[in-house]
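The structure appears below as structure tokens.
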Amino acid sequence: MESLTTTCLQALTLLISGDRDLWVIIGVSCRVSLAAIGLSVIPAVLLGLYLAMVPFPGRWVVVAVLNALMAVPTVVVGLTLYFLLSRSGPLGEWQLLFTQPAMVIGQMLLAFPVIVCMSHAAFQALDKRAWETSRMLGASFGKAILTLMNEARFALTAAVVVAFGRIIAEVGCSMMIGGNIMNFTRNIPTAIALETSKGAFAQGVALGLVLLILALVLNVALALLRGRGQLQVS
């Protein structure tokens, strides 16, 4: 118990004192994950809307494949990208392996199916008359789409939060294609795995606290955005 208490105190000291190595790791993790979400969210939401609104042959196959992709282990995505980006791979000339752009690509592949499937479900649940009414009232195609997004804003926000939580905490893909290089590609999950394996528990606990605080902040923000989340009874 005393050892655990000491480790937690050391972890808090690292966070409060502004330990450079610790905050560089946090910065890399946030920068990569925010870039991946930022690049994924618009095309993913639009694809979810398209799948919900436009019937076409084989649509159920596309939806089924996207749902299956949500369950693909992160290390499998990392291994696939490793073969593609390695020197002997078809994309080796891009020289992206063990760089932050490679990590962004990997996390985009993880976030994309999550946002598509959750936004697809959100748009499916909407009243189809919202689209028809918008168009009948003279709204342009783009404004009608924005109207649907506004109607589904809580579910879409939840989709982005869930996807962000998946990628910022993943370790397999980042380790495979990032290389866990100090001050360059070492992010929070890979640093926790490395430091814990070396017996340096203080930094691992400190980074784990950052993930917990981030998850708490995101979920509290989502709850505040949605309001009380209950029926109003007069």
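The values are calculated or read from the model by the stated rules, or taken from the named source; none is laboratory data. It should be emphasised that the depicted structure is a prediction, and the values quoted were computed from it without experimental measurement. Cβ placement follows ideal geometry from the backbone for every residue including glycine, while neighbour counts extend to all protein chains displayed. Quick note on the areas: whole protein, heavy atoms, side chains included, nothing else; ligands and nucleic acids left out. Shrake-Rupley method; radii C 1.70, N 1.55, O 1.52, S 1.80 Å.
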Exactly one of these conditions fails for Glu195: (1) under 27 Å from Ser86 (Cα atoms); (2) modelled with pLDDT of 90 or more. Give me its number. (2)
Of all residues making up region 30-73, the number that are over 12 Å from the mean Cα position of the chain (by Cα), within 28 Å of Pro189 (Cα to Cα) and of a type in the set (Val, Ile, Thr): 4
Going by what's in this entry, would Glu93 be described as open to solvent by 40 Å² or more (accessible area, probe 1.4 Å), of a type in the set (Asp, Glu) and under 26 Å from Arg31 (Cβ atoms)? yes
Restricting the first residue to region 21-43 and requiring it to be within 19 Å of Val171 (Cα to Cα), which pairs with a second residue that is acidic (Asp, Glu) and assigned to a helix (DSSP H, G or I) meet a Cβ separation below 7 Å and a spacing of at least six or different chains? none
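Suppose we keep only residues that are loosely packed, with under 12 Cβ neighbours inside 10 Å and either among the hydrophobic types (A, V, I, L, M, F, W, C) or part of a loop (DSSP other than H, G, I, E, B) (or both) within region 122-148. Which one would you say is modelled with the highest pLDDT?
Here is the first cut: in region 122-148, the residues loosely packed, with under 12 Cβ neighbours inside 10 Å are 125, 127, 129, 132, 136-138, 140-142.
Filter again for either among the hydrophobic types (A, V, I, L, M, F, W, C) or part of a loop (DSSP other than H, G, I, E, B) (or both), leaving 125, 127, 136-138, 140-141.
Numbers: Ala125: 86, Asp127: 75, Met136: 75, Leu137: 74, Gly138: 73, Ser140: 79, Phe141: 77.
If we take residues in region 122-148 being loosely packed, with under 12 Cβ neighbours inside 10 Å and either among the hydrophobic types (A, V, I, L, M, F, W, C) or part of a loop (DSSP other than H, G, I, E, B) (or both), then Ala125 is modelled with the highest pLDDT.
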Taking helices (runs of 4 or more DSSP H) that fall entirely within region 149-234, which contain at least 3 residues that are open to solvent by 20 Å² or more (accessible area, probe 1.4 Å)? 153-168, 188-198, 201-226
Restricting region 1-60 to residues that are polar (S, T, N, Q) and open to solvent by 40 Å² or more (accessible area, probe 1.4 Å), the residue that is modelled with the lowest pLDDT: Ser3
Members of region 61-80 found to be part of a helix (DSSP H, G or I) and either in contact with a strand residue (DSSP E or B) (Cβ under 7 Å, 6 or more places away or on another chain) or surrounded by fewer than 13 Cβ atoms within 10 Å (Cβ to Cβ) (or both), listed by number: Val61, Ala64, Val65, Ala68, Val76
